[in-house]
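Throughout, read-outs are computed from the coordinates displayed, never taken from laboratory work. The model shown is predicted, which means the values in this text are computed figures rather than measured ones. With ideal geometry, Cβ positions are generated from the backbone for all residues, glycine too; neighbour counts draw on all protein chains shown.
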Amino acid sequence: MSVISVITVNFNDKNGLQKTLESVTNQSYKDFEFIVIDGGSTDGSKELIEEYQDKITYWVSEKDSGVFNAMNKGIKAATGEFVIFMNGGDCFNDNLVLQDNVSSLTSEYDIYYGDNYKQSNGSKRLKTYTEKLHFSFFYTSSINHQSTFIRKSLFDKYFYYNENYKIASDWEFFVYTICHQNVAYKYLKKTIAIYDFTGISSNPKFRDLYNEEKKQTFQKYFPAFADDYKEVEVLNSKRFLQFQHIRKNKLSWKLLKGFISILLLFLPKIGKK
């Protein structure tokens, strides 16, 4: 059994899939399992997979119900101790990633995560993480599956990705296993992946859906903290961030405080809580 199973899911993204197949198959470390789940693409993706099939352990091209259904298929087909998702358009940071990290994947921890680049429309930005993943971190952020090695048995022990969600299923899995079940995790302090930041999860048009799915998760697993999420939404609103920006400028902050003082003269006094 291989230590690592690399899982790639794809649907009608032949160009992105080409990048991913090249990145995965060009890894200097070769003793890993490679699984490709295609959703019945009609853009030539299936034919491309066939060109690489001698380097792929298992692949299928068939209709599915969405990205998380496809990811679950990949998990169920995997036999490696750890899985990592490198979906169509995503790439390893370089050809040495698996070689440099396979020895770190021991029985001591269940989730190993590293940094990643977010790439979109010609820009490339490094996303780094901390060694401690506090609960508050998951209110507004998450680790990325493209740069995370997950012990496969966690899915069997707890649950597979929520196929009722469109965006937040991987986030739900991480916040549940790390914050609810306290599984052991470790920060690798290395850049693992280049993440294709043009998908649905990064599209502002779907932000409301993403937030709604997160709310459902908080209500399901962390009901005592569900109301806090509303407060965090306010703290991350555009107006509050603008307010924070003004505070950094002494003159602007002084003017704003003066305006607020005048405005308060016309409002009821703030009662003590």
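State, to one decimal in nm, how far the label point of Phe259 lies from the label point of Ser103, with both points 7 Å from Cα in the Cβ direction.
5.9 nm
Contour minus end-to-end for Lys190 and Asp156, with contour as 0.36 nm per residue of separation and end-to-end as the Cα-Cα distance? Present the calculation step by step, with values, prior to reporting the outcome.
Numbers: separation 34, 0.36 × 34 = 12.24 nm, distance 2.78 nm.
Extending this stretch completely gives an extra 9.5 nm.
In the structure shown, do any of Lys132/Lys152; Lys157/Lys190; Lys166/Lys215; Lys127/Lys214; Lys63/Lys157; Lys14/Lys46 have a Cα-Cα gap over 19 Å, and if so which?
Working: Lys132/Lys152 22 Å; Lys157/Lys190 28 Å; Lys166/Lys215 14 Å; Lys127/Lys214 21 Å; Lys63/Lys157 27 Å; Lys14/Lys46 9 Å.
Pairs exceeding 19 Å: Lys132/Lys152; Lys157/Lys190; Lys127/Lys214; Lys63/Lys157.
If neighbour count is taken as other Cβ atoms inside 10 Å, put Phe218, Phe149, Phe137 in order from fewest to most. Don't jump to the answer; show the numbers that get you there.
On the way: Phe218 20, Phe149 29, Phe137 17.
With the fewest neighbours first, Phe218, Phe149, Phe137 line up as Phe137, Phe218, Phe149.
What number comes out for the charge environment of Ser41, summing +1 per Lys or Arg and -1 per Asp or Glu over other residues with Cβ under 13 Å away? Numbers along the way, then the final one.
Values: positive: Lys14, Lys46, Lys63; negative: Asp13, Asp38, Asp43, Glu47, Glu50, Glu62, Asp64.
Net charge around Ser41: -4.
How do His145, His180, His134 rank when sorted from fewest to most other Cβ atoms within 10 Å of their own Cβ?
His134, His180, His145
Expressed as a whole percent, how much of the Cα-Cα distance distribution for segment 1-159 exceeds 23 Å?
37 percent
Only Cα pairs under 8 Å and at least 6 apart count here; give the relative contact order of the chain as a rounded whole percent. Can you show the working numbers first?
Working: 425 pairs, mean separation 51.5, N = 273.
Rounded, it is 19 percent for the chain.
To make sure I understand, if each residue's beta carbon is the centre and we count other beta carbons within 10 Å, what order do Thr130, Thr217 fall in, fewest to most? Don't skip to the answer; put the middle values down first.
Details: Thr130 8, Thr217 22.
Exposure proxy ranking, most exposed first: Thr130, Thr217.
Compute from the Cα atoms of the chain the Rg and the Dmax, the latter being the longest Cα-Cα distance, and quote both in angstrom.
For the chain, the Cα radius of gyration and maximum Cα-Cα distance read 21.7, 75 Å.
Kindly provide the helix-only [θ] at 222 nm of the chain, computed as the sum of -39,500 (n - 2.57) over DSSP H runs of four or more divided by all residues, to the nearest 500 deg cm²/dmol?
Helix-only estimate at 222 nm: -10500 deg cm²/dmol.
Using a Förster distance of 30 angstrom, determine the FRET efficiency expected from the C-beta separation of Asn121 and Glu51, and round it to 0.05. Walk me through the numbers on the way to the answer.
On the way: r = 28 Å, r/R0 = 0.94.
Using R0 = 30 Å, I get an efficiency of 0.60.
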